[in-house]
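The values are calculated or read from the model by the stated rules, or taken from the named source; none is laboratory data. Remember, it's a predicted structure, so these values are computed and weren't measured experimentally. Virtual Cβ from ideal backbone geometry, glycine too; neighbours counted across all protein chains shown.
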Amino acid sequence: VSAQARAPEVDGLEPAPVTSRGKLLAALRCPACRAPLGEHDAGVTCSAGHEVRDGGGWLDLAASTPDRVTGRTFDSFGYEWNRFAEIQPEDEGYWQSYTADVPWDELRDGLGADIGCGKGRYSRPTARRIGALVALDGSDAVSAAARNLGDEPNVVVVRADLRDGALADGEFDFVSCLGVLHHLPEPRPAFLATVRLLKPGGVLLVYLYSRPEGGGLRAQALRSATALRRVTTRVPHQVLRPACFPLAAALFLAFVLPGAAGRRLGWRALDGLPLAVYRGSPVRSLWLDTFDRLSAPVEHRYTWEEVRPWFEEAGLDVLAARTWGGLMITARKR
Ligand SMILES: C[S@@+](CC[C@H](N)C(=O)[O-])C[C@H]1O[C@@H](n2cnc3c(N)ncnc32)[C@H](O)[C@@H]1O
Ligand SMILES: [Zn+2]
């Protein structure tokens with residue numbers, strides 16, 4: 001990657017200038033001694049000379065052996081993102097909804113990190129609007145991410161647990177963490193570790209599963225999913241994945257198609273049907289999320305009132321907090 005390289009043009013946007021790979025590597029930390037990394041003829045090493053393994057388009061910065069629950073979480077997502085491996089056309093629309101409150105104009109030359117990037121479906125559009133991006137994940141999803149992001153000149157893919165300290169604190173202008181923290185046994189310390197990466201004034205984008213207050217169809221559906229999860233989180237992934245297809249198809253027929261038809265015909269009565277975020281997307285999108293919901297070993301759910309203090313106590317000013325399938329929060333570090 002050269003400092004002059006420029007990302008391909010997307011959506012008629014002027015391509016963002018690309019920060020050099022050297023600058024990205026300098027914001028990464030050696031798993032053995034915490035020194036910054038750099039590129040040499042032999043490959044990537046730290047300033048103390050430790051060599052960093054290249055796993056095939058991604059850097060191995062894992063500094064810890066996963067505990068049992070984390071290991072199961074990484075197995076589940078490693079399988080998921082290598083079986084639902086391609087970035088799909090509908091992912092751009094989801095990305096736009098997630099990032100609607102992010103001030104991209106001020107981030108054009110900035111350094112970003114996508115924490116828990118999965119296959120990189122959201123890292124890619126982010127990389128095209130920011131100077132340079134680290135896409136980090138703890139699981140074998142990094143193989144899929146490396147394939148999907150291989151053509152992006154301003155991206156480095158890293159495998160590490162987000163609690164490993166693989167990224168330098170206080171160096172990043174933008175950090176996204178989408179659908180990740182609620183899968184950790186203790187989300188709050190992981191949230192604080194993520195916030196620490198930001199420079200003062202840096203922007204954080206977080207997506208967390210929400211918990212509906214009161215009754216209603218969504219609350220009932222979530223109770224059923226929670227009951228199902230007692231079994232499905234133990235089922236082998238290669239069995240669960242095909243089994244999720246008929247379930248997703250039934251949900252699609254029962255809720256998504258009528259909701260989409262209601263929207264087209266202007267029938268407000270159908271607006272309240274669940275799974276509204278899938279209206280206009282193909283069934284594969286709901287199939288993926290059905291597998292995701294039923295397979296990941298740990299799942300926490302929050303109300304905005306519960307997590308609002310996290311932001312205040314971490315020294316963040318909330319720019320926007322919305323509900324869209326879950327809680328979507330954009331905030332700025334003071
Ligand atoms: C639901 S997926 C979301 C992926 C991506 N952000 C997206 O929205 O497409 C959650 C991801 O977080 C990763 N993850 C979970 N716990 C992690 C941890 N402790 N450290 C790093 N990554 C983690 C998983 O491997 C998985 O790829
Ligand atoms: Zn080192």
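Considering only the stretch 63-84, state which residues are in contact (Cβ under 8 Å) with a residue 12 or more places away in the chain, in a loop (DSSP other than H, G, I, E, B) and either touching a Lys or Arg at 6+ places or on another chain (Cβ under 6 Å) or closer than 19 Å to Leu181 by Cβ (or both).
Scanning the stretch 63-84 gives Ser64, Pro66.
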(message) Show me the strands (runs of 3 or more DSSP E) found entirely inside the stretch 128-222 where at least 3 residues are farther than 25 Å from Ile87 by Cα.
(response) 198-208
(request) Could you please find all residues in the stretch 39-62 being on the phi > 0 side of the Ramachandran plot and either touching a Gly at 6+ places or on another chain (Cβ under 6 Å) or in a loop (DSSP other than H, G, I, E, B) (or both)? (result) Gly49, Gly56, Gly57
(request) Go through (1) out of contact with any Asp or Glu (no Cβ under 7 Å at 6 or more places or on another chain); (2) assigned to a loop (DSSP other than H, G, I, E, B) and name the single condition Tyr94 misses. (result) (2)
(message) One residue is enough: does the stretch 156-171 have a residue meeting the conditions more than 10 Å from ligand 1 (Cβ to nearest atom), within 12 Å of Ser123 (Cβ to Cβ) and not aromatic (Phe, Trp, Tyr)?
(response) yes
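Just give me the residues in the stretch 27-38 being away from ligand 1 (no atom under 16 Å from the Cβ) and assigned to a loop (DSSP other than H, G, I, E, B), in sequence order.
Ala27, Cys30, Ala32, Cys33, Arg34, Ala35
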(request) Identify the residue in the stretch 206-238 that is farther than 28 Å from Thr330 by Cβ and in contact with a Pro (Cβ under 7 Å, 6 or more places away or on another chain) and, among all such residues, is surrounded by the fewest Cβ atoms within 10 Å (Cβ to Cβ). (result) Leu217
(request) For the stretch 275-306, name all the residues that are part of a loop (DSSP other than H, G, I, E, B), in contact (Cβ under 8 Å) with a residue 60 or more places away in the chain and of a type outside the set (Gly, Ala, Ser). (result) Pro282, Pro297, Val298, Glu299, His300, Arg301, Thr303
(request) Would you check which residues across the stretch 257-273 are crowded, with 17+ Cβ neighbours inside 10 Å and under 27 Å from Leu178 (Cα atoms) and list them? (result) Gly259, Ala260, Leu273
(request) Assess whether Leu107 counts as being over 29 Å from Gly325 (Cα atoms), more than 12 Å from ligand 1 (Cβ to nearest atom), touching a strand residue (DSSP E or B) at 6+ places or on another chain (Cβ under 8 Å) and of a type outside the set (Phe, Trp, Tyr). (result) no
(message) Would you confirm whether or not the stretch 109-123 contains a residue that is assigned to a helix (DSSP H, G or I) and closer than 19 Å to Ser295 by Cα?
(response) no
(message) Being surrounded by fewer than 16 Cβ atoms within 10 Å (Cβ to Cβ) and either part of a loop (DSSP other than H, G, I, E, B) or free of Cβ contacts under 8 Å to residues at least 24 places away in the same chain (or both) is the requirement here; does Ala254 meet it?
(response) yes
(message) Which of the numbered conditions does Asp54 fail, given that it passes all the others? Conditions: (1) within 16 Å of ligand 1 (Cβ to nearest atom); (2) modelled with pLDDT of 95 or more.
(response) (1)
(message) Just checking, does the stretch 190-203 include any residue being at pLDDT 95 or above and under 27 Å from Ser224 (Cα atoms)?
(response) no
(message) I want to confirm something. Restricting to the stretch 274-286 and keeping residues that are among the hydrophobic types (A, V, I, L, M, F, W, C) and within 18 Å of the chain's Cα centre (by Cα), which single residue is surrounded by the most Cβ atoms within 10 Å (Cβ to Cβ)?
(response) Leu286
(request) Just name the residue that is modelled with the highest pLDDT out of those in the stretch 139-160 that are in contact with a strand residue (DSSP E or B) (Cβ under 9 Å, 6 or more places away or on another chain) and among the acidic types (Asp, Glu). (result) Asp140
(request) Test Ala113 against the stated conditions and say whether it is within 12 Å of ligand 1 (Cβ to nearest atom) and surrounded by 20 or more Cβ atoms within 10 Å (Cβ to Cβ). (result) yes
